[in-house]
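The values are calculated or read from the model by the stated rules, or taken from the named source; none is laboratory data. All values derive from a computational prediction rather than experimental measurement. Cβ atoms come from the backbone with ideal geometry, glycine included; neighbour counts cover every protein chain shown. Remember, those area values only see protein heavy atoms, side chains included, never the ligands or the DNA or RNA. Shrake-Rupley method; radii C 1.70, N 1.55, O 1.52, S 1.80 Å.
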Amino acid sequence: MDFMEIIRSRRTIRFFRQDPLGEDMLFELVEAARLAPSASNGQPLEYVIVNEKTQVERVFEQLAWGAYVQPRRDPPAGHRPVAYIVVLINSERELGRFGVVDAAAAIENILLASWSKGIGSCWLASVNRETTVDILNIPAKYRIDSVVALGYPDETPLLAECAGDSIEYYLDDDDRLHVPKRALNTITHVNTFGRRKKA
Ligand SMILES: Cc1cc2nc3c(=O)[nH]c(=O)nc-3n(C[C@H](O)[C@H](O)[C@H](O)COP(=O)(O)O)c2cc1C
């Protein structure tokens, strides 16, 4: 797939097939994160790979899914993620407020690298962090930025245009997710704010 097509076709996946993801593949996804840009090259991020069944089940209980379509994108048993990458910020290495920014760049690399391999993902910030640090035995100087849920897709969400101001994703009568994105020309200004691209 052409790189722009990977970007264009990637959608958040919340229902997954149950084919396993091996450790080598998960390490490769962390490799994509490792190579992301980092403010002052501070590199405060570390990662916990989770693919062992009991741990996967425990982490799942700490997550909240698809707020706009609750509870219809809570993955049911048999459609849950098969692995996670938990993204940690080491407070002793963090430079100012840039840990979160570094994490976002690294996570986007994970999402795109996954998609290029046919693997679906969901970036989750709605995480019960207090419980998750216990489950994963994470030392106090680290905080959980986000959890990336992973697995082969078992749904096919569609890119949509925003209707008016609404940015909420929605499910149609066939339970297919539609994800509206604001139109290119409404968010892009040319040389002067408010000037639009000529038709
Ligand atoms: C910072 C961030 C936090 C997110 N947290 C959650 C979350 O906790 N639960 C969830 O189901 N989706 C979460 N998402 C996924 C968004 O809902 C999703 O990216 C958005 O609806 C756009 O869909 P798309 O990724 O298919 O383009 C998060 C995305 C981002 C960037």
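Things worth noting here:
- Net dipole in debye of the chain [+1 Lys, Arg Cβ; -1 Asp, Glu Cβ; about Cα centre; nearest 20]: 840 debye
- Efficiency of FRET between residue 182 and residue 141 - r from beta-carbon atoms, R0 41 angstrom, step 0.05: 0.60
- Cα gyration tensor category, rounded, prolate or oblate, for segment 3-156 with a/c compared to 1.5: oblate
- Summarising the label geometry, the points placed 7 Å from Cα in the beta-carbon direction at residue 39 and residue 172 lie 4.2 nm from one another.
- Residue among 50, 123, 21 farthest towards the positive dipole end of the chain, charges placed on Cβ: 123
- Helix-only [θ]222 nm of the chain, DSSP H runs n ≥ 4, -39500 (n - 2.57) each, per residue, nearest 500: -8500 deg cm²/dmol
- Segment 142-199 - percent relative contact order, Cα under 8 Å, separation 6 or more: 26 percent
- Against the criterion of solvent-accessible heavy-atom surface with a 1.4 angstrom probe, 25, 1 sort, most first, into 1, 25.
- Applying a DSSP loop filter and a limit of 16 other Cβ atoms within 10 Å to the trypsin sites (Lys or Arg not before Pro) in segment 1-49 leaves 17.
- Shape class of segment 10-79 from the Cα gyration tensor (axes a ≥ b ≥ c, square roots of the eigenvalues): prolate, since a/c reaches 1.5 or more and a/b is larger than b/c.
- When 114, 9 are compared by accessible area of protein heavy atoms, the largest-first order is 9, 114, using a 1.4 Å probe.
- Efficiency of FRET from Cβ geometry, residue 165 and residue 195, R₀ 35 Å, rounded to 0.05: 0.95
- For segment 120-174, applying the loop criterion from DSSP together with a ceiling of 13 other beta carbons within 10 Å to the GluC sites (Glu not before Pro) yields 168.
- Using all pairs of distinct alpha-carbon atoms, the Kirkwood hydrodynamic radius of segment 157-199 works out to 11.9 angstrom.
- Measuring nothing but protein heavy atoms, the accessible surface of the chain at 1.4 Å probe radius is 52 percent carbon and sulfur.
- Note: relative contact order over the chain, using C-alpha pairs below 8 Å and six or more positions apart, is 27 percent.
- Net lengthening on full extension, residue 93/residue 77 (0.36 nm per residue, minus Cα-Cα): 1.9 nm
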